[in-house]
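Engineer: There's a structure below that I have some questions on.
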Amino acid sequence: MENKLLKVDFEHSGKRADVVLSSLLSITRAQVQKMIKDGDIKLNGTSVKASYRIEGGEEFSVTIREKEAPNLTPYEIELDVRYEDEYLLVVNKPAGLVVHPSFGHKKETLVHALLARGDKYSDVNGVFRPGIVHRLDKETSGLLIVCKNNEVHNKIAKLLKKREITRRYTALVRGKVREEAGVIKTYLTRSKDNFKKMANTPATGKLAISHFKVKERFKGYMLLEVELETGRTHQIRAHLEFINTPIVGDALYGLKKDPLYSKGQLLHASYLAFTHPYTGELVEVSAELPDYFTKVLRRLQKDL
């Protein structure tokens, strides 16, 4: 059994406690609600309702039972580190690697590999997300910033919120658009039909903006560069489905079994740029496409 204290930032004000805590603890809302019912989550030492609205600054005590807790034992996985200094590092994450542990993925995540390096990391985003300031989906490859202390974490988070970090992705999509470049703007929230998906819901969704450029055209496919202006959950995947060009291999937003490639979405975080919060220098990091991605492109190029 392990006891943890979680202090909730003011950015979560107005949200339900179960929603915020499920995010911070990397578990489902149902699991949070059960923990609240069992008395394993308390607010300032007293019981709390799952529907409690966060004001900001609250401190929750969380009791994690041995059988429930993800295993945070360091696990050595070779990491492709593209940039590192005393404050942060940028990792080129392979597809198939989960970023942080959760109740569905308790070991062998990027976090376990980071812990095996022996460094200290920020804990702003909860006990199971050391260093993690933003995320990539399991099957999305590419660049991810990891923070080594809470101060730099908050500074990087502020840059993300102010849209001062350039994040570009490369995506292979099925279908075509007439334009060579464009902007996709929607209001994303969880789909009522499929909770795993995000959907355009103008009345209640959060503003999501992506910019795209066509890099190469094939028969029935396109290679796109997509730059995030905002950073919502599944934003690029949902946006490309929205304009009827779903990502190849994306079983959730595209074909369930894509004949061209079906081992996960062909989406790669290829470029990051930001002003270093301490040195003031421009940090630019890029990552080439993975081999499996380029092999698919070569197949398409042969058919031209």
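The values are calculated or read from the model by the stated rules, or taken from the named source; none is laboratory data. Being a predicted model, the structure only gives us computed values, none of them experimental. With ideal geometry, Cβ positions are generated from the backbone for all residues, glycine too; neighbour counts draw on all protein chains shown.
Engineer: Looking at (1) surrounded by fewer than 20 Cβ atoms within 10 Å (Cβ to Cβ); (2) small (Gly, Ala, Ser); (3) free of Cβ contacts under 8 Å to residues at least 40 places away in the same chain, can you tell me which one Ser210 breaks?
Structural biologist: The single condition Ser210 does not satisfy is (1).
Engineer: Look at region 223-247 and say how many of its residues are hydrophobic (A, V, I, L, M, F, W, C) and touching a Gly at 6+ places or on another chain (Cβ under 7 Å).
Structural biologist: So in region 223-247, the residues hydrophobic (A, V, I, L, M, F, W, C) come out as 223-224, 226, 228, 236, 238, 240, 242-243, 247.
Still in the list and also touching a Gly at 6+ places or on another chain (Cβ under 7 Å): 247.
The number of residues fulfilling the criteria is 1.
Engineer: While we're looking at this one, here's another question. Here's a check for you: in region 223-245, which residue that is among the β-branched types (Val, Ile, Thr) and outside any helix (DSSP H, G or I) is modelled with the lowest pLDDT? Explain how you work it out, then say what you get.
Structural biologist: Of all residues in region 223-245, those among the β-branched types (Val, Ile, Thr) come to 226, 230, 233, 236, 243, 245.
Subset that is outside any helix (DSSP H, G or I): 226, 230, 233, 243, 245.
On the way: Val226: 99, Thr230: 96, Thr233: 90, Ile243: 97, Thr245: 98.
Filtering first and then ranking leaves Thr233.
Engineer: Taking the condition of being farther than 19 Å from Leu224 by Cβ, in a loop (DSSP other than H, G, I, E, B) and not acidic (Asp, Glu), how many residues in region 151-191 meet it? I'd like the intermediate steps shown before the answer.
Structural biologist: As a first pass, look at region 151-191 and keep what is farther than 19 Å from Leu224 by Cβ: 151-165, 187, 189-191.
Subset that is in a loop (DSSP other than H, G, I, E, B): 162-165, 191.
Then drop every residue that is not not acidic (Asp, Glu), which leaves 162-163, 165, 191.
Total meeting the criteria: 4.
Engineer: Residues Glu78, Glu86: which one is over 30 Å from Phe293 (Cα atoms) and either assigned by TED's automatic domain parsing to the domain that holds Gln235 or surrounded by fewer than 16 Cβ atoms within 10 Å (Cβ to Cβ) (or both)? I'd like the intermediate steps shown before the answer.
Structural biologist: Values: Glu78 fails: over 30 Å from Phe293 (Cα atoms).
Unique residue meeting the criteria: Glu86.
Engineer: Looking only at region 91-107, count every residue that is in contact with a Leu (Cβ under 8 Å, 6 or more places away or on another chain) and either surrounded by fewer than 22 Cβ atoms within 10 Å (Cβ to Cβ) or part of a loop (DSSP other than H, G, I, E, B) (or both) and tell me the total. First the steps, then the outcome.
Structural biologist: At the first step, the residues of region 91-107 found to be in contact with a Leu (Cβ under 8 Å, 6 or more places away or on another chain) are 91-93, 97-101.
Retained after the next criterion (residues that are either surrounded by fewer than 22 Cβ atoms within 10 Å (Cβ to Cβ) or part of a loop (DSSP other than H, G, I, E, B) (or both)): 92, 97-101.
Final tally of qualifying residues: 6.
Engineer: From the residues in region 233-258 that are in contact with a Lys or Arg (Cβ under 8 Å, 6 or more places away or on another chain) and among the hydroxyl-bearing types (Ser, Thr, Tyr), which one is farthest from Val173 (Cα to Cα)?
Structural biologist: Within region 233-258, the first condition is being in contact with a Lys or Arg (Cβ under 8 Å, 6 or more places away or on another chain), and the residues that meet it are 234, 238, 245-255, 258.
In the following step, the residues that additionally are among the hydroxyl-bearing types (Ser, Thr, Tyr) were identified as 245, 253.
Details: Thr245: 6, Tyr253: 11 Å.
Of everything passing the filter in region 233-258, Tyr253 is farthest from Val173 (Cα to Cα).
Engineer: Applying the selection to region 263-304, what residues are touching a Leu at 6+ places or on another chain (Cβ under 6 Å) and assigned to a loop (DSSP other than H, G, I, E, B)?
Structural biologist: Listed by number, the residues that qualify are Leu266, Ala287.
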